[in-house]
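Data first, discussion second: the structure below is written as structure tokens.
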Amino acid sequence: MSIGTFGNIYSDELITATELNRQPGRVLDKALERPVTITRNDQSFALLRREEVTFLVKAATQSKAVFEALTVAFFCYWERKSVLNILMDG
């Protein structure tokens, strides 16, 4: 599953809570194919397969780890550069 699958997650079909209550099978069938937004009053809920949520959580976790590693590397680079500049100027 590629991250591109979720590129248009908010262009999904809107289903009311009433529709979900009246036709749960039809709504679940739609959710098998792509995310569905269920609306109730001014609230919105996402309905999607558990495998898709697992993928999104893993991707977010990995992205966070990469960001943290890059932040440390960037800090170390600038710290080393600063020390070298002090040594060269001193």
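The values are calculated or read from the model by the stated rules, or taken from the named source; none is laboratory data. The shown structure was predicted, so the numbers you read here are calculated from the model rather than taken from an experiment. Here Cβ is always computed from backbone atoms with ideal geometry, including for glycine, and neighbour counts include all displayed protein chains. With ligands, DNA and RNA removed, areas are computed over all heavy atoms of the protein, side chains included. Shrake-Rupley method; radii C 1.70, N 1.55, O 1.52, S 1.80 Å.
Odds and ends about this structure:
- The simple Förster model, with R0 at 25 Å and r as the Cβ-Cβ distance, assigns D42 and S63 a FRET efficiency of 0.25.
- In Å², nearest 10: area of L20 left accessible to a 1.4 Å probe: 50
- Accessible area (Å², 1.4 Å probe, nearest 10) - V72: 90
- Estimated inter-spin distance, E13 and D89, nm [label 7 Å along Cα→Cβ]: 6.5
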